[in-house]
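Here the structure comes first, spelled out in structure tokens, and everything after it is commentary.
The values are calculated or read from the model by the stated rules, or taken from the named source; none is laboratory data. In this text, all values refer to a predicted model and were calculated from it rather than measured experimentally. In this analysis, Cβ positions are derived from the backbone assuming ideal geometry, glycine residues included, and neighbour counts consider all displayed protein chains. Calculation scope for accessible area: heavy atoms of the full protein, side chains included, ligands and nucleic acids excluded. Shrake-Rupley method; radii C 1.70, N 1.55, O 1.52, S 1.80 Å.
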Amino acid sequence: MKMVVQVWLYFYCICLWRCLKFVLRKLTGRCELQRICYNTKPGARRTMKIERSLKNSKNKLLQTAVSAHQDAIEKTVDDIMTLKRINSDTNPQLGVSFQACLLQIVGYRNLTVEIEKLRREPYDADNPEHEEMLLKLWKCLRPGVPLERRITKQWCEIGFQGDDPKTDFRGMGLLGLYNLLYFAERDTAAALQVLSDSLQPKCREFTKEELSKSEWEKKKFDKAIGYSFAIVGINITDLAYNLLLSGALKTHFYNVAPEAPALHHFQQTFCYLMYEFHNFWIEEDPLDIMEFNRVRAKFHKRILKQLRNPDMALCPHFAASDNLINL
């Protein structure tokens, strides 16, 4: 019975909304797309309304516009304006605004496909390009320190688990390496600082009263409560990937990318998340690395809360984000 009521309410709301749209069209002389473009400021607020309007439309042309090929967007805009009987000469700005929104919508979908492709591509030790990227990561994070050989415990110095990093990339594939290298190359100073702190982060003092006897005995010998830089980077890549897949990052990308979001926008987002997670980790001051999942889950909730604000842009204040444009 409850299901029947919910279905009935759903269709009732749809019918009510379509009647309201019809009345507004008659009163204003403008279709819904026109009203959104003229009455909503550019960025996530406008683009997400346009996206929702297109997906909920009864017209097949409007429904399929969100999955148009990027090269066909201009024609799609023209076709929709013709369908809606909108004169481009008297509404010149509408075409520009609508096209920008469609570029963002289609670009987000294309970016998701590109990111998924990178995630699915495994690290191949026999691929010279993969090996070159990995060695470049070492040089950026350990400048002046030669790597004794390809398979060595030295990799633990930058946060890999064993003597061969290729095994650590299994979960996120090449995407994890792409992100780590982008952070290390584009903002070397910040990456080196985070790496250094991860090895010897700030550790607050405890009193005996705060800890049990066993924890006190263990804690008093601890000099640091660090984490593995590279492993956490791969984990934060997974967090960014899931934010992208769920659509949560639309708010951010629609506010910072004036047209189609690209791979470097995702990598800049990773830099922000990595940097912010590091600060969050220090604020949380966990007892040890076993609390990582708890801290990560709490951090994830904080980011999701920020992204619910349609004006939100996760703009890091360091070199990797210098070319971001906040609409």
- Which condition number does residue 260 fail, the rest of (1) in contact (Cβ under 8 Å) with a residue 40 or more places away in the chain; (2) assigned to a helix (DSSP H, G or I) being met? (2)
- Please indicate, with yes or no, whether at least one residue in the range 154-170 is at pLDDT 95 or above and hydroxyl-bearing (Ser, Thr, Tyr). no
- Are any residues in the range 121-155 in a helix (DSSP H, G or I) and among the charged types (D, E, K, R), and if so, which ones? 129, 131, 132, 136, 139, 153
- Message: Could you check the range 83-115 and list, in sequence order, the residues that are of a type in the set (Ser, Thr, Tyr) and closer than 17 Å to residue 38 by Cα?
- Response: 88, 90, 97
- Picking from 131, 157, which residue would you name as being out of contact with any helix residue (DSSP H, G or I) (no Cβ under 7 Å at 6 or more places or on another chain), charged (D, E, K, R) and farther than 17 Å from residue 195 by Cα? 131
- Message: So, residue 190, is that one at pLDDT 95 or above, over 18 Å from the mean Cα position of the chain (by Cα) and either more than 16 Å from residue 286 (Cα to Cα) or acidic (Asp, Glu) (or both) or not?
- Response: no
- Query: residue 106: open to solvent by 50 Å² or more (accessible area, probe 1.4 Å) and of a type in the set (A, V, I, L, M), yes or no?
  - Reply: no
- Task: Consider only pairs whose beta carbons are under 6 Å apart and that are at least six residues apart or on different chains; among these, list those whose first residue lies in the range 274-292 and is closer than 16 Å to residue 200 by Cβ and whose second residue is open to solvent by less than 50 Å² (accessible area, probe 1.4 Å) and in a loop (DSSP other than H, G, I, E, B).
- Result: 282/201; 288/225; 289/227
- Message: Going residue by residue through the range 54-64, is there one that turns out to be surrounded by 12 or more Cβ atoms within 10 Å (Cβ to Cβ), over 30 Å from the mean Cα position of the chain (by Cα) and modelled with pLDDT under 90?
- Response: no
- Query: So, of the residues in the range 65-92 that are closer than 21 Å to residue 52 by Cβ and either in contact with a strand residue (DSSP E or B) (Cβ under 9 Å, 6 or more places away or on another chain) or not aliphatic (A, V, I, L, M) (or both), which turns out to be surrounded by the fewest Cβ atoms within 10 Å (Cβ to Cβ)?
  - Reply: 67
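Do we find a residue being crowded, with 20+ Cβ neighbours inside 10 Å and either at pLDDT 95 or above or not acidic (Asp, Glu) (or both) anywhere in the range 203-220?
Taking every residue of the range 203-220 in turn, none turns out to be crowded, with 20+ Cβ neighbours inside 10 Å and either at pLDDT 95 or above or not acidic (Asp, Glu) (or both).
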- Scope the range 229-251; condition assigned to a loop (DSSP other than H, G, I, E, B) and either without any contact (Cβ under 8 Å) to a residue 40 or more places away in the chain or open to solvent by 10 Å² or more (accessible area, probe 1.4 Å) (or both); matching residues: 247, 248
- Kindly indicate the residue of the range 258-305 that is open to solvent by less than 10 Å² (accessible area, probe 1.4 Å), farther than 17 Å from residue 195 by Cα and among the hydrophobic types (A, V, I, L, M, F, W, C) and also farthest from the chain's Cα centre (by Cα) among those meeting that condition. 295
- Query: If you go through the range 36-48 one residue at a time, do you hit one that is open to solvent by less than 20 Å² (accessible area, probe 1.4 Å) and either small (Gly, Ala, Ser) or in contact with a strand residue (DSSP E or B) (Cβ under 9 Å, 6 or more places away or on another chain) (or both)?
  - Reply: yes
